[in-house]
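Novice: Sending over a structure as structure tokens; questions will come in a sec.
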Amino acid sequence: MNRIQELREKRAKVWDQTKKFLDEHRQESGLISPEDNAVYEKMEKEVVDLGKEVERLERQETMDRELTAATTNPLSARPEKTREEKTGRATDAYKSAFWGAMRNKVNPSVQNALQIGQDSEGGYLVPDEYEQQLIQALEEANVMRKLCHVINTSHGDRKIPVVASHGSAAWMDEESALQESDDTFTQVSLSAYKLGTMLKVSDELLHDSFFDLDAYVAGEFARRIGAAEEESFLLGNGISKPTGLLNSTGGATTGVTAASATAITMDEVIDLYHSLKSSYRKNATFMVNDATIKTIRKLKDGQGQYLWQPSVSAGTPDTILNRPVLTSQYMPTAAVGEKTILFGDFNYYWIADRQGRTFKRLNELYAANGQVGFLASQRLDGKLILPEAVKALQQKV
């Protein structure tokens, strides 16, 4: 049997044992003794550790599949058929010249190729194929990009028309005049804020032909930029950064206010579920942090079923009330006034990428240390287009 599937089934089995233990040792007050709680914590930790191991193996399996993929394609076209011509930043000449510039190996015969992608600030736009690689890496490092709607913009602000209110029909008498009832519209504007990071690479690695420079830069760019993006998509205040889902202005609306400042009940999670219109619930996802998941694992619904259910199928997330649940380290823990759970259709949060991720090589800044700096930057914005599509559970103020 597949190792990942074995671990998923073991995780589900351990969780069943954990639930049984909790039910058997729960006192009349609904609590368990400190000794029993220590045992429960140990069992729950095994469930968490098994989940993390499954995620690690899945990432490893993906990387192995990519690294063992065929590097050449079988001949499928007629011999006389010419291959489609690549242009601009997709050409092999541009790709070769770009990485030559990164390694300081540009020669005059290929330097002109870089003019295709030179931006107004003197940097070089990333080659087309590599830009796709960066996008894929960002999606792996940023849980929000998997859920939200991503668009590309070229220049200026992107105006998005939104229906603010709908018209309605009305009954009328014969020969009565029709009553006017128009839809009203508003606009949401997506701008472009700059996000950047600087990498330092030693001269030895740069000139080592066995060092995979592009993979290293892509991985570091994804890790740093992905973390900064995810934090802003949730907590951003809209000042020189995107407007986050948890921001008091322009963020998710409060669906439920908890009775406690530090605790969450089963009824409140169910109320949050039903505070979202049914049309949004079919594509909705829960977003929490690990500490909140730990609390929800102990909650049951009205039929005595635990709200949190572990996944036993590869590629399928855990669920709460049969809806996927994902975790982010940037979601707040339970505290006074904090929004600890988001539930909604995150496809209504739009991320606007201003096309053209840019790299700059900094030759002199770290020369004394035998290093070369690389400045990577991109421009983007993010906003919730329809506030009613995502609801939040807020702790008592």
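The values are calculated or read from the model by the stated rules, or taken from the named source; none is laboratory data. None of the values given here were measured: they were computed from a predicted structure. Cβ coordinates were reconstructed from backbone atoms using ideal geometry, including for glycine residues, and neighbour counts include every protein chain displayed.
Novice: Can you tell me how many residues in the range 210-238 are within 12 Å of M144 (Cβ to Cβ), part of a helix (DSSP H, G or I) and either over 12 Å from the mean Cα position of the chain (by Cα) or free of Cβ contacts under 8 Å to residues at least 60 places away in the same chain (or both)?
Specialist: Summing the residues that are within 12 Å of M144 (Cβ to Cβ), part of a helix (DSSP H, G or I) and either over 12 Å from the mean Cα position of the chain (by Cα) or free of Cβ contacts under 8 Å to residues at least 60 places away in the same chain (or both) in the range 210-238 gives 2.
Novice: So, D345, is that one under 14 Å from the mean Cα position of the chain (by Cα) and closer than 23 Å to E231 by Cβ or not?
Specialist: Taking the combined requirement at face value, the residue satisfies it.
Novice: Please find, within the range 215-260, the residue that is nearest to Y348 (Cα to Cα) out of those that are of a type in the set (K, R) and in contact with a strand residue (DSSP E or B) (Cβ under 7 Å, 6 or more places away or on another chain).
Specialist: Filtering the range 215-260 for residues of a type in the set (K, R) gives 223-224, 241.
From what's left, in contact with a strand residue (DSSP E or B) (Cβ under 7 Å, 6 or more places away or on another chain): 224, 241.
On the way: R224: 25, K241: 18 Å.
My answer is K241.
Novice: Within the range 304-327, can you find the residues that are of a type in the set (A, V, I, L, M, F, W, C) and not in a loop (DSSP other than H, G, I, E, B)?
Specialist: Within the range 304-327, W308, I320, V325, L326 qualify.
Novice: Which residues, taken from the range 17-54, are outside any helix (DSSP H, G or I) and under 30 Å from N2 (Cβ atoms)?
Specialist: Narrowing the range 17-54 to residues outside any helix (DSSP H, G or I): 26-33.
Matches in the range 17-54: none.
Novice: Related question: Looking at the range 333-385, which of its residues are part of a loop (DSSP other than H, G, I, E, B) and farther than 30 Å from H274 by Cα?
Specialist: Within the range 333-385, N363, E364, L365, Y366, G370 qualify.
Novice: Output yes when any residue across the range 356-377 is buried (at least 17 other Cβ atoms within 10 Å of the Cβ) and under 18 Å from the mean Cα position of the chain (by Cα), and no when none is.
Specialist: no
Novice: Next question, about the same structure. Check K241 against each of (1) more than 29 Å from the chain's Cα centre (by Cα); (2) charged (D, E, K, R); (3) in a loop (DSSP other than H, G, I, E, B) and name the one condition it does not meet.
Specialist: (1)
Novice: Of the numbered conditions (1) aromatic (F, W, Y); (2) part of a strand (DSSP E or B); (3) at pLDDT 85 or above, Y330 satisfies every one except a single condition; which is it?
Specialist: Y330 satisfies all of (1) aromatic (F, W, Y); (2) part of a strand (DSSP E or B); (3) at pLDDT 85 or above except (2).
Novice: Same structure, new question: Considering only the range 217-240, I want to know if a residue exists there that is over 25 Å from E364 (Cβ atoms), hydroxyl-bearing (S, T, Y) and surrounded by fewer than 14 Cβ atoms within 10 Å (Cβ to Cβ).
Specialist: Yes.
Novice: Next question, about the same structure. Considering the range 248-271 alone, what residues qualify as being crowded, with 20+ Cβ neighbours inside 10 Å, over 30 Å from K42 (Cα atoms) and under 24 Å from the mean Cα position of the chain (by Cα)?
Specialist: Within the range 248-271, G251, A252, G255 qualify.
Novice: When the residues of the range 1-53 are narrowed to those that are touching a residue at least 40 places away in the same chain (Cβ under 8 Å) and among the hydrophobic types (A, V, I, L, M, F, W, C), which ends up farthest from L307 (Cα to Cα)?
Specialist: I4
Novice: Go through the range 322-333 residue by residue and tally those that are surrounded by fewer than 20 Cβ atoms within 10 Å (Cβ to Cβ) and touching a residue at least 40 places away in the same chain (Cβ under 8 Å).
Specialist: Final tally of qualifying residues: 8.
Novice: In the range 237-285, what residues are over 21 Å from D318 (Cα atoms) and charged (D, E, K, R)?
Specialist: Residues satisfying the conditions are K241, K277.
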